[in-house]
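Peer 1: Please find one structure pasted underneath; my questions will follow.
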Amino acid sequence: MRYLTVEIHDVSPATLPEVKEIARRVEAAGHRRYTLLAVPNWRDEKGRHWDLSRCPETVDWLHEKRNQGCEIVQHGYTHRAPASPPPGLRPYMMHHWFSRGCAEFAYLDDVQARRRLLAGREILAQAGLRSAGFIAPAWQQSEQSIFMLRELGFRYTAFLNHILPLGRGVSKLRTPALTFAAANAWIDHGKRLVMGFLERRARPLALLRMALHPADLRGAIDFALGRLSRLGRHRQLTTYESWFGIGSSTEVGANLPCR
């Protein structure tokens, strides 16, 4: 049996309308069991913050989806890089072109990573949620961040081309994430070709991942859902919890004021 994860990224009070629309369309296509990547304290480009635990609509919706069989995964802390990248062409390109300022964990040291991981975990706990795994914004994180994930008991993490169980002596699993949002029509066309190539190469793999973002609603969502329909004929939907045999990650919910 081959499997597929469908991940809806960037879940926060600030993006909830877009996230709900993507979820509605995924479910309309017949898929009710997907993975929701929740940002505990979303910060936008103007510096405004949204504490997930203080927004009852978001908390209630996440619990509803958890009870439906979806998985909630901690997705960074603010989803915004805390500082400029270090000197060099590659860091500059990754920061400004690939992640567009969202690679929050790419260059953190162990102290910074621990602080953000614990702060994010606490907000989820206040919302009555617990995440077995962690996925960094833009799939970028430093070695120190990975070390702290292990120290804090997270069970797995994921990158653009593989997932990494965090048990000692466990090797990574090659599995690409198909992504679709693009800045313009030319990039969109090229990206669809690349995703098609990756999809074909991944046919023999046991697990394939599809990542959907709020930005997909600006033009890529129909194409992405078409690919999902095709993949769903040959692959069974799963979540990371199920893949790794991890139990439920829900606790008693909280109903706090939104601010």
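The values are calculated or read from the model by the stated rules, or taken from the named source; none is laboratory data. The structure presented is a predicted model; accordingly, all values stated were derived computationally and were not measured. Please note: Cβ atoms are built from the backbone with ideal geometry, for glycine as well, and neighbour counts cover all protein chains shown.
Peer 1: For segment 228-259, enumerate the residues that are at pLDDT below 50, polar (S, T, N, Q) and in contact with a Lys or Arg (Cβ under 7 Å, 6 or more places away or on another chain).
Peer 2: If the condition is that a residue be at pLDDT below 50, polar (S, T, N, Q) and in contact with a Lys or Arg (Cβ under 7 Å, 6 or more places away or on another chain), then SER249, THR250 are the ones that fit.
Peer 1: State yes or no: is ALA136 buried (at least 23 other Cβ atoms within 10 Å of the Cβ), out of contact with any helix residue (DSSP H, G or I) (no Cβ under 6 Å at 6 or more places or on another chain) and within 26 Å of SER242 (Cα to Cα)?
Peer 2: yes
Condition check ((1) of a type in the set (A, V, I, L, M); (2) in contact with a Ser or Thr (Cβ under 9 Å, 6 or more places away or on another chain)) across all residues:
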{"residue": "PHE147", "(1), (2)": "no, no"}
{"residue": "LEU166", "(1), (2)": "yes, yes"}
{"residue": "GLY190", "(1), (2)": "no, no"}
{"residue": "LEU198", "(1), (2)": "yes, no"}
{"residue": "PRO214", "(1), (2)": "no, yes"}
{"residue": "GLY232", "(1), (2)": "no, no"}
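Peer 1: Related question: Among what's in segment 143-160 and is without any contact (Cβ under 8 Å) to a residue 24 or more places away in the chain and part of a helix (DSSP H, G or I), pick the residue that is surrounded by the most Cβ atoms within 10 Å (Cβ to Cβ).
Peer 2: Among them, the one singled out is ILE146.
Peer 1: Within the bounds of segment 203-217, is there any residue that is of a type in the set (Lys, Arg), at pLDDT 95 or above and under 20 Å from ARG33 (Cβ atoms)?
Peer 2: Yes, that holds for at least one residue.
Peer 1: Same structure, new question: If you take just the helices (runs of 4 or more DSSP H) that sit entirely in segment 1-103, which of them hold at least 1 residues that are surrounded by 21 or more Cβ atoms within 10 Å (Cβ to Cβ) and among the hydrophobic types (A, V, I, L, M, F, W, C)?
Peer 2: Passing ranges, in order: 16-28, 56-68.
The rows are residues; the columns are (1) farther than 24 Å from SER242 by Cβ; (2) in contact with a strand residue (DSSP E or B) (Cβ under 8 Å, 6 or more places away or on another chain).
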residue	(1), (2)
GLY153	no, no
LEU166	no, yes
LEU178	no, yes
ARG203	no, no
LEU207	no, yes
LEU212	no, yes
ALA220	yes, no
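Peer 1: Just to be sure, is GLN68 at pLDDT below 95 and under 25 Å from ILE22 (Cβ atoms)?
Peer 2: No: the conditions fail for GLN68.
The rows are residues; the columns are (1) out of contact with any strand residue (DSSP E or B) (no Cβ under 9 Å at 6 or more places or on another chain); (2) closer than 27 Å to GLN236 by Cα; (3) at pLDDT 95 or above.
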position: VAL6; (1), (2), (3): no, yes, yes
position: ALA29; (1), (2), (3): yes, yes, no
position: LEU36; (1), (2), (3): no, yes, yes
position: PRO56; (1), (2), (3): yes, no, yes
position: VAL59; (1), (2), (3): no, no, yes
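Peer 1: With (1) modelled with pLDDT under 95; (2) in contact with a helix residue (DSSP H, G or I) (Cβ under 9 Å, 6 or more places away or on another chain); (3) loosely packed, with under 13 Cβ neighbours inside 10 Å as the list, and VAL111 as the residue in question, which single condition is left unmet?
Peer 2: It is condition (1) that VAL111 fails.
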